[in-house]
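The values are calculated or read from the model by the stated rules, or taken from the named source; none is laboratory data. Just so it is clear, the structure is predicted and the values come from calculations on it, not from any experiment. Positions of Cβ are generated from backbone atoms using ideal geometry, with glycine treated the same way; all protein chains shown enter the neighbour counts. Note: accessible area is taken over every heavy atom of the protein model, side chains too, but ligands, DNA and RNA are not part of it. Shrake-Rupley method; radii C 1.70, N 1.55, O 1.52, S 1.80 Å.
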Amino acid sequence: MEAMNKPRYDAVILGASGFTGKYVVREALKFLNVPSSPLKSIALAGRNPSKLSQALQWAIGPNKGPPPDIPILTADTSDPSSLAAICSQTSILLNCVGPFRLHGDPVVAACAAAGCDYLDISGEPEFMERMEAKYHDRAAESGALVVSACGFDSVPAELGLMFNSRQWVAPAVVNSVEAYVSLESEKRIVGNFATYESAVLGVANAKQLQQLRRSRPRRARPEIAGPPPSKGSTIEHQKKVGLWAVKLPSADAIVVRRTLSTLTENPGGLQGMNESADAVAKREAFWSCVKPAHFGVKIGSKSLLGILRIIMVGIFIGLLGNTGFGRWLLLTFPSVFSLGWFRKKGPSEEEVESASFKMWFVGKGFSNESNASQGNTKPDMEVITRVSGPEIGYVTTPIILVQCALIVLSQRNNLPKGGVYPPGIVFGPTDLQEKLEKNGMSFDVISKSSMSS
């Protein structure tokens, strides 16, 4: 019976012909039918079979002969029956069809109904929180593990915070961690248009997100040692990491807070579907070393001029994103209003290959936890760590998504039976960090030092 009920494919990549989707296909092919890999069969899905075939040929590379025998499935996010059909045929669905607030809901609904595991690369807080509100109970019941933000948004932030937190050895305790994102390139940096479109629509949907949060029960707040940090200036010169920085209204801080709230409600982490005693001990030991902290994200530039440019783009999106005509302008002329950072056709392969990122985590806290409880005490200890890797949208994101999928396929018994969760609470205790380090990313401790009060 088990053999008869086994899905036809290990993974289906939905939206495989899109800008990011074809890079996900290329990354997945590296692990297809490799002896140590659990990925033995995949299919590509989308609206246009000929474009999917072209994406497959592109992913294989020129002069590599005919593509492997990978099925092409027709599916459209506006056609629930087509989504139900692919969910019935796969263990896990990797969703690359954005913007997710426009196209993601029917896909999550189909997976939650079918008990099919689901990962995506969304960086859209309103979509993620709405999916949790609508489908968590159904997914928990059907056994569908639904995890958004399995890309640059927001795995480096989640694992990076945990990595910094685990460097604080008792009696020392962390109070706050500020992340500084620095995008670097030997050529010019060009972003993913879907990311830009998501930011524009995020401004438009900010009120819906506030309404959604007001309508839901308040989540548990983690207990953090010491008082909250001061807000500081709008533009910061962080000399320790050599960057000028300004607050980044990204999904990262929101996703991290969701993980910390879930951890507060489940202090040993989430129970696996069919965990061994060793897996339980490993999970509980991991979470015992992760202490919650106030967390924020800033985008950095080596020059003040670079920061002023970032602020200008933010002002354009903030002002124009609130009206229909303004959004039309932003999305019709992305290169103008993003000052050249985003364009509809995306970056060239050379621009992708030359780009990289560094994400610095500056943790501040107390050398002794007893000091944290004294009212006006300021942190006296600092730990700086760093996560780095290749280009964020087309290289790092597919690496992360595929490694998360391989963990779901190979370690399913150690993961929650089902439900809608952020990536940190699901993948934190697994070997995801080690897998990412083997595939082009680095996690480094930069310094540990005392601070003058």
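With the checklist (1) assigned to a loop (DSSP other than H, G, I, E, B); (2) closer than 20 Å to Ile425 by Cβ; (3) open to solvent by 40 Å² or more (accessible area, probe 1.4 Å) in hand, flag the one item Thr264 doesn't pass.
Looking at each condition in turn, Thr264 falls short on (1).
Which members of segment 402-434 meet the condition of being open to solvent by less than 50 Å² (accessible area, probe 1.4 Å), part of a helix (DSSP H, G or I), closer than 22 Å to Glu284 by Cβ and of a type outside the set (Val, Ile, Thr)?
Cys404, Arg412, Pro423, Gly424, Phe427, Leu432, Gln433, listed by residue number.
What single numbered condition from (1) over 30 Å from Val352 (Cα atoms); (2) touching a helix residue (DSSP H, G or I) at 6+ places or on another chain (Cβ under 6 Å); (3) in contact (Cβ under 8 Å) with a residue 60 or more places away in the chain fails to hold for Arg219?
(3)
Only one residue in Ile399, Ile384 is touching a Ser or Thr at 6+ places or on another chain (Cβ under 9 Å) and either under 30 Å from Gln167 (Cα atoms) or open to solvent by 40 Å² or more (accessible area, probe 1.4 Å) (or both), so which one is that?
Ile384
Which residue pairs have Cβ atoms under 7 Å apart, sit 6 or more places apart or on different chains, and have a first residue in segment 1-28 that is under 17 Å from Gly393 (Cβ atoms) and assigned to a helix (DSSP H, G or I) and a second that is modelled with pLDDT under 95 and among the hydroxyl-bearing types (Ser, Thr, Tyr)?
Cβ pairs passing all conditions: Thr20/Tyr394; Tyr23/Tyr394.
Is it the case that some residue within segment 112-123 is touching a helix residue (DSSP H, G or I) at 6+ places or on another chain (Cβ under 8 Å), aromatic (Phe, Trp, Tyr), farther than 28 Å from Ile310 by Cβ and open to solvent by 10 Å² or more (accessible area, probe 1.4 Å)?
Scanning segment 112-123, I find no residue that is touching a helix residue (DSSP H, G or I) at 6+ places or on another chain (Cβ under 8 Å), aromatic (Phe, Trp, Tyr), farther than 28 Å from Ile310 by Cβ and open to solvent by 10 Å² or more (accessible area, probe 1.4 Å), so the answer is no.
When you look at Glu353, is it of a type in the set (Asp, Glu) and either under 24 Å from the mean Cα position of the chain (by Cα) or at positive phi (or both), yes or no?
Values: of a type in the set (Asp, Glu): yes; either under 24 Å from the mean Cα position of the chain (by Cα) or at positive phi (or both): yes.
It is true that Glu353 is of a type in the set (Asp, Glu) and either under 24 Å from the mean Cα position of the chain (by Cα) or at positive phi (or both).
At pLDDT 95 or above and under 24 Å from Asp153 (Cβ atoms): is that true of Ala113 in this structure?
no
Determine if segment 86-109 includes at least one residue that is aliphatic (A, V, I, L, M), under 23 Å from the mean Cα position of the chain (by Cα), open to solvent by 60 Å² or more (accessible area, probe 1.4 Å) and under 20 Å from Gly151 (Cβ atoms).
yes
Out of Lys302, Lys298, I need the residue that is in contact with a Lys or Arg (Cβ under 6 Å, 6 or more places away or on another chain) and of a type in the set (D, E, K, R). Which one?
Details: Lys302 fails: in contact with a Lys or Arg (Cβ under 6 Å, 6 or more places away or on another chain).
From the options Lys302, Lys298, the qualifying one is Lys298.
For residues that are touching a Phe, Trp or Tyr at 6+ places or on another chain (Cβ under 7 Å) and farther than 30 Å from Val241 by Cβ, scanning just segment 330-366, find the one that is least open to solvent (accessible area, probe 1.4 Å).
Leu330
On the given criteria, is Gln403 within 28 Å of Val241 (Cβ to Cβ), out of contact with any His (no Cβ under 8 Å at 6 or more places or on another chain), assigned by the TED database to the domain that holds Ala16 and free of Cβ contacts under 8 Å to residues at least 40 places away in the same chain? Break it down stepwise before answering.
Working: within 28 Å of Val241 (Cβ to Cβ): yes; out of contact with any His (no Cβ under 8 Å at 6 or more places or on another chain): yes; assigned by the TED database to the domain that holds Ala16: yes; free of Cβ contacts under 8 Å to residues at least 40 places away in the same chain: yes.
So Gln403 fits the description; yes.
For segment 4-48, which residues satisfy the criterion of being assigned by the TED database to the domain that holds Ser82, among the aliphatic types (A, V, I, L, M) and surrounded by fewer than 23 Cβ atoms within 10 Å (Cβ to Cβ)?
Leu29, Leu32, Val34, Leu39, Ala43
Check whether at least one residue in segment 128-147 is modelled with pLDDT of 95 or more, closer than 15 Å to Val408 by Cβ, more than 10 Å from the chain's Cα centre (by Cα) and surrounded by fewer than 24 Cβ atoms within 10 Å (Cβ to Cβ), and report yes or no.
yes
Would segment 55-71 turn up any residue that is among the hydrophobic types (A, V, I, L, M, F, W, C) and assigned to a loop (DSSP other than H, G, I, E, B)?
So far as segment 55-71 goes, yes, one or more of its residues are among the hydrophobic types (A, V, I, L, M, F, W, C) and assigned to a loop (DSSP other than H, G, I, E, B).
Could you check segment 207-249 and list, in sequence order, the residues that are more than 30 Å from Gln374 (Cα to Cα), in contact with a strand residue (DSSP E or B) (Cβ under 8 Å, 6 or more places away or on another chain) and assigned to a loop (DSSP other than H, G, I, E, B)?
Leu248
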